[in-house]
Structure formats: structure tokens, C-alpha cells
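Undergrad: Mind looking over this structure? Questions follow.
The values are calculated or read from the model by the stated rules, or taken from the named source; none is laboratory data. Just so we're clear, the structure is a prediction, and the values are computed from it rather than from any experiment. Don't worry about glycine lacking a Cβ; one is built from the backbone with ideal geometry, like all the others, and counts go over all protein chains shown.
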């Protein structure tokens, strides 16, 4: 058994997010199209210690204790194979925290893969995906990456064809936004007739990514949670308009927010949009990224 295994896990953006009714288990039925992007965290799992450490972007906002989702993922693998070896986790963060980009889920997916390799467990993709779904709704996608259609809580995945490269800017807010609060607000707005019902047809998005057509994707992208997030955080509307004025093809809430995702025609356009937003002090930070990317990839094998 190796002493440590390191992996890279990528963030996600929702190209389409249709939110259905609240289910009996408290979750909402989703229809979503995920794409993995180049923003990433590096996760290292080590044998012989249960220490959890975090460095990098927003490290102070991530729990460095056994409640950390990546630490839970590593323990789950050890328990699954009956191994009593203590496993430590170190996360070097490059994905914004609490930003709707699945950073915690990516860390958990990375820890699953790293622990599986470290312990020589030999778990297959089906087993890892089952464990991922138990950890969280976005963990299965961050494990697989690429571009995929997700249903259920988002954990039921069908890979979809994506051609070419899509260029993104992600604008990070100085203040967080609670995912449960955003979903609850959407329910409230719908009950009051102030938000439309769910959209479920992602055909136009799937066609655009299959063609590698950024302009068609810009026209097709959709997020049911925008109305709720903008109701809770009206300042995000100004950020959206500024990105459009700066040349983004489309500005949309990333997941449940508060991060905003801006699709651009090229890498140069993305750099220009990011510079404009940060120069105007409209966001805490803006990151340029590309997609699609794979899910979890090894760094030392």
C-alpha cells in the first residue's frame, strides 16, 4: 500500500437546471445538464493519520475536521473494504467555496478515488458512484466529469456528447448564499405565482454542446433558481448586466449561487470580461475557466 495518493477534482457548472416539486425526502426533482470545468481542487489521502488539512482559496471556510465531506468519503471507502487504517486528507483548493460550483462534492469524489487507490480496494465505477450518491447529489457527477444529463437529485447521470471547448468566467461574491434557502425561496415564489413552474426540456442545450456552438448554448442555457437567488440577492442582477455589457454571450446563476457564470466566445473575451468585473469592483474575484474537463484524475500515477 502506498503512503499517499493525490488526485485532481474539477468544479462544475449547470448549463441547464430545471427544478421540480419538493419530494417526500425533502429534495427537489431536478433535470440538469452538468459540465465539468478547469477550476479544480487537489486532494491527497494519506495512510496512518486522520488529520484533515486545507490550504488555498477560501481554505478558512472549509471544515478541517472529521465532518469534512472528503474525510467522510475516505472513511467510507475504508469501512467498505473493512480496513482499519486511519486516513488523513489534505485539500489544496482552487474551487470557490459555497459558490454553487460543487467544490465540496469534488473534494469528496477525489477522496473516494484516492482512498480506493491508496488502499488498493479495486472498487469499480459502479461501486464508487453508489458511494458518491450517498455522500451528496453532486458527488457522482464530479466523480465522472465531462458533460452529462442529471435527473433525480442530480445523481442519476447519462453522459452526453460535447464537442469543442467552452470558455467561462465565474464571478465570486463576497457573501455566501444558502442552497436550502434558495430552494425554499423558489417554492415560496411559485406558491405566490411569482415564479414560473419547472422547465424540463434541455434538448436545445444538449444540441448546442453536441455541436460545440457557444452562441447556441448561450441562447439555450437556463436556471430555474435564478428568480429565487435574485430575490434574495438583488445585487446579482447588476453583476449579470455588467457581464453582458462587457461582452459575455450569456450571464447566468451558477447552480444555487451566489457565483455567476458567464459564457464567452473565446478565451480572450473571457479574460476581458473578468478584468472588467474585477476592475469595477463588482465581485470578490473572477476566474477564467474552460470546459468540459474530466472528473477526478490522478496526479501521481
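Undergrad: Can you find a residue in the stretch 64-81 that is under 18 Å from residue 12 (Cα atoms) and either touching a strand residue (DSSP E or B) at 6+ places or on another chain (Cβ under 6 Å) or assigned by TED's automatic domain parsing to the domain that holds residue 258 (or both)?
TA: Yes, the conditions are met somewhere in the stretch 64-81.
Undergrad: Here is a further query. With the structure loaded, tell me whether residue 195 is outside any helix (DSSP H, G or I), buried (at least 17 other Cβ atoms within 10 Å of the Cβ), at negative phi and within 21 Å of the chain's Cα centre (by Cα) or whether it fails that test. Outline the logic, then answer.
TA: On the way: outside any helix (DSSP H, G or I): yes; buried (at least 17 other Cβ atoms within 10 Å of the Cβ): yes; at negative phi: yes; within 21 Å of the chain's Cα centre (by Cα): no.
When the stated conditions are applied, residue 195 does not pass them.
Undergrad: Enumerate the strands (runs of 3 or more DSSP E) found wholly within the stretch 131-184, keeping only those where 1 or more residues are out of contact with any helix residue (DSSP H, G or I) (no Cβ under 7 Å at 6 or more places or on another chain) and crowded, with 22+ Cβ neighbours inside 10 Å.
TA: By residue number, 166-172.
Undergrad: Taking the options 277, 225, 263, name whichever one is closer than 17 Å to residue 11 by Cα, at pLDDT 95 or above and buried (at least 17 other Cβ atoms within 10 Å of the Cβ).
TA: Every option except 263 fails the conditions.
Undergrad: Name the residues in the stretch 244-266 that are part of a strand (DSSP E or B) and more than 18 Å from the chain's Cα centre (by Cα), would you?
TA: Residues satisfying the conditions are 250, 264.
Undergrad: Another question, if that's okay. Of the conditions (1) in the same structural domain as residue 260 (by TED's automatic domain parsing); (2) surrounded by 19 or more Cβ atoms within 10 Å (Cβ to Cβ); (3) over 28 Å from residue 286 (Cα atoms), residue 190 fails just one. Which one is it?
TA: For residue 190, the failing item is (2).
Undergrad: OK, next. Have a look at 25, 92 and point out the one that is closer than 20 Å to residue 298 by Cα and over 13 Å from the mean Cα position of the chain (by Cα).
TA: Numbers: 25 fails: closer than 20 Å to residue 298 by Cα.
Just a single option satisfies the conditions, and that option is 92.
Undergrad: Test residue 114 against the criterion of being surrounded by 15 or more Cβ atoms within 10 Å (Cβ to Cβ), out of contact with any helix residue (DSSP H, G or I) (no Cβ under 7 Å at 6 or more places or on another chain), more than 24 Å from residue 40 (Cα to Cα) and in contact (Cβ under 8 Å) with a residue 40 or more places away in the chain, and give yes or no.
TA: Spelling it out, it is not the case that residue 114 is surrounded by 15 or more Cβ atoms within 10 Å (Cβ to Cβ), out of contact with any helix residue (DSSP H, G or I) (no Cβ under 7 Å at 6 or more places or on another chain), more than 24 Å from residue 40 (Cα to Cα) and in contact (Cβ under 8 Å) with a residue 40 or more places away in the chain.
Undergrad: Let me ask something else about it. Taking the stated definitions as given, is residue 215 under 29 Å from residue 28 (Cβ atoms), out of contact with any strand residue (DSSP E or B) (no Cβ under 6 Å at 6 or more places or on another chain), not assigned by TED's automatic domain parsing to the domain that holds residue 11 and not in a loop (DSSP other than H, G, I, E, B)?
TA: no
Undergrad: Does the stretch 60-73 contain at least one residue that is assigned to a strand (DSSP E or B) and under 21 Å from residue 286 (Cα atoms)?
TA: Looking through the stretch 60-73, none of the residues is assigned to a strand (DSSP E or B) and under 21 Å from residue 286 (Cα atoms).
Undergrad: Return yes or no: is residue 239 more than 19 Å from the chain's Cα centre (by Cα), over 30 Å from residue 46 (Cα atoms) and in a loop (DSSP other than H, G, I, E, B)?
TA: no
Undergrad: Something else about it: What residue, of 42, 58, is under 16 Å from the mean Cα position of the chain (by Cα), farther than 21 Å from residue 141 by Cα and surrounded by 15 or more Cβ atoms within 10 Å (Cβ to Cβ)?
TA: Numbers: 42 fails: farther than 21 Å from residue 141 by Cα.
Of 42, 58, the one residue that is under 16 Å from the mean Cα position of the chain (by Cα), farther than 21 Å from residue 141 by Cα and surrounded by 15 or more Cβ atoms within 10 Å (Cβ to Cβ) is 58.
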